[in-house]
Amino acid sequence: MRIRNHIPNLITLLNLVSGSIAIILAFSGEMTLASWFIILAAIFDFLDGMAARLLHAKSDIGAQLDSLADVVSFGLAPSVIMYLLLLQSPGLPGWSAGANKLLPFAALLVVACGAFRLAKFNTDSTQAEGFKGLPIPSTGLFVAALPLILDQYSETGELAKFILNHYTLLAIVIFLSWLMVSNIPMIALKFKNLKWRDNSLQFILIGFALVLFIFFRFSAIPMIILLYIIISLTSLSRKVDHR
């Protein structure tokens, strides 16, 4: 094979390495830095697909490698972050306190549902133009935003208390995990061209994302993902109305 055919796979491996570094950093107490490496993994995840299309280097190996990298970077790494956040959560139930803190292990639901979601995607030919269920990178970015928000608003005690509340964290885990394995149609953020008619929803999402990030910085990430879900549902209802 030509060297250029391996370039997308190399970028995918950088995604995998970034996610692995995020896990190591999280267990080392560097949660904020771990979040940055998940974001870096998401950038590599975007670039490998772009490189494969530009270089005409798509392959079955590349598709499988991409899923393996994603389950680490956007499944296991976020699970580790949620696990550690739950460990920090004050007022854990008595049955989960002390040496046998069982409740934080609920965070592993993220990687389990993420892996199942990727397996569904790899075996479902109908997801070529859109997705069924929340894409796993969106879950990874949502979770990665939490330590960044805590760092951004470290002086705002109430927000930190809300995020670190174990009920809040468990609700996030269950919500994101359910969305990943659901059959809810989600739009794909792929541009076939630069025409508004063919990519209006994508342009709207990007426009709102930029505005939200300017005003809210890292707090905008969960908002953007929720907006992505709402726009996808709106798109679905519009299609139903046109039938």
Practice problem: Find the residue count for the range 170-189, including only residues that are open to solvent by less than 40 Å² (accessible area, probe 1.4 Å) and in contact with a Pro (Cβ under 9 Å, 6 or more places away or on another chain). | Solution: 5
Self-check item: One residue from Leu134, Leu86 being at pLDDT 90 or above, in contact with a Leu (Cβ under 8 Å, 6 or more places away or on another chain) and either assigned to a loop (DSSP other than H, G, I, E, B) or of a type in the set (D, E, K, R) (or both)
Solution: Leu134
Exercise. State which residue is nearest to Trp178 (Cα to Cα) when the search covers only the range 107-131 and only residues that are open to solvent by 70 Å² or more (accessible area, probe 1.4 Å) and not in a helix (DSSP H, G or I).
Key: Thr123
Practice problem: Look through Ala57, Ala42 and report the one residue that is of a type in the set (A, V, I, L, M) and in a loop (DSSP other than H, G, I, E, B). | Solution: Ala57
Quiz prompt | Tabulated pairs, the range 71-94, first open to solvent by less than 50 Å² (accessible area, probe 1.4 Å), second charged (D, E, K, R), C-beta under 7 angstrom, 6+ apart or interchain | solution = Leu92/Lys101
Self-check item: Residue within the range 193-202 that is assigned to a helix (DSSP H, G or I), modelled with pLDDT of 85 or more, among the acidic types (Asp, Glu) and open to solvent by 40 Å² or more (accessible area, probe 1.4 Å) present
Solution: no
Exercise. Scan the range 142-158 for residues that are open to solvent by less than 50 Å² (accessible area, probe 1.4 Å) and either closer than 21 Å to Leu226 by Cα or under 11 Å from the mean Cα position of the chain (by Cα) (or both) and report the count.
Key: 10
Quiz item: Mind checking whether some residue in the range 45-54 is under 22 Å from Ser177 (Cβ atoms) and part of a helix (DSSP H, G or I)?
Solution: yes
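The values are calculated or read from the model by the stated rules, or taken from the named source; none is laboratory data. The model shown is predicted, which means the values in this text are computed figures rather than measured ones. Note that we place each Cβ from the backbone using ideal geometry, even for glycine, and neighbour counts take in every protein chain shown. These area figures cover heavy atoms from the full protein model, side chains too; ligands, DNA and RNA do not enter into them. Shrake-Rupley method; radii C 1.70, N 1.55, O 1.52, S 1.80 Å.
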